[in-house]
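Read-outs: derived from the displayed coordinates by stated rules, not from any lab. Keep in mind the model is a prediction, meaning the values are calculated, not measured. Using ideal geometry, Cβ is built from the backbone for each residue, glycine included, and neighbour counts are taken over all protein chains shown.
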């Protein structure tokens, strides 16, 4: 009998966290994202969304640097609760247990941070991901972060890999490409396997 791919829903992700199947979790904001965040000005208080945030170390890093308009979204409750425990003063209203594709853009975001969410989505959803990022951002807003440009092998479960050429096709209708190249400061286990992207919304 052929195997059936599991639904990648809240129950699926909750089970992966509960059983420790969370190898994507680096335990901290990764060096490429820290370097990017350190260039941002907290005085501007940009409205930031981190979808599929997991335990949201990126949100913690930004929050501790004075960014007060950081929102995190995840299907599973457990990783959001982990952020709330680590950072008790993180605004509870900014913890969104929600499907990314159900989020609206009122008001729009200035920045969306991508960190291991894209590779967790079923590949068939990638065009919709690019389109919805553009919808959630203000005109000229930024999608920045990391994409795995590598082959994880054939599997019905995340992570799902791909190539930079494939990824360009998804984003080109909605974004100008300011940076789209191999990250130079990835974690050792990810060296040469990540693209750092900085894309500007043209929609």
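Counting other beta carbons within 10 Å of each residue's own, what order do 119, 133, 198 fall into, fewest first?
So the ranking, lowest neighbour count to highest, is 198, 119, 133.
Can you give the calculated 222 nm mean residue ellipticity of the chain, where each DSSP H run of n ≥ 4 adds -39,500 (n - 2.57) and the sum is split over every residue, rounded to the nearest 500 deg cm²/dmol?
Theoretical 222 nm ellipticity from helices: -7500 deg cm²/dmol.
What residue among 88, 31, 139 has the largest mean-square fluctuation in a Gaussian network model of the chain, using Cα springs under 10 Å?
Of the options given, 88 has the highest mean-square fluctuation.
Given contacts defined as C-alpha pairs under 8 Å and at least six residues apart, what's the relative contact order of the chain, whole-number percent?
That works out to 19 percent.
Please report, in whole Å, how far the alpha carbons of segment 71-138 spread along each principal axis, starting with the longest.
35, 26, 18
Within a 10 angstrom radius of the beta carbon, how do 124, 87, 113 rank from fewest other beta carbons to most?
Lowest count first: 124, 87, 113.
Sticking to Cα atoms, compute the Rg of segment 1-97 to one decimal and its Dmax as the biggest Cα-Cα distance, whole number, in Å.
Here Rg and the maximum Cα pair distance are 14.9, 58 Å.
How many angstrom lie between the Cα centre of segment 28-92 and the Cα centre of segment 111-163?
18 Å
Starting from one equal scatterer on each C-alpha and no solvent at all, send me the Debye-based log10 I(q)/I(0) for segment 87-203 at q = 0.10, 0.18, 0.23 Å⁻¹, two decimals.
Listed by q, the Debye log ratios stand at -0.32, -0.99, -1.38.
To make sure I understand, if each residue's beta carbon is the centre and we count other beta carbons within 10 Å, what order do 14, 186 fall in, fewest to most?
Listing 14, 186 from fewest to most nearby Cβ atoms yields 14, 186.
Which value, to two decimals, describes the C-alpha radius of gyration of the chain once divided by 2.2 N^0.38 Å?
Here the answer is 0.97, to two decimals.
Which of the peptides 150-157, 189-196 is most tightly packed, and how do the rest follow, going by the mean number of other Cβ atoms within 10 Å of each residue?
Taking the mean over residues of other Cβ atoms within 10 Å, the ranking is 189-196, 150-157.
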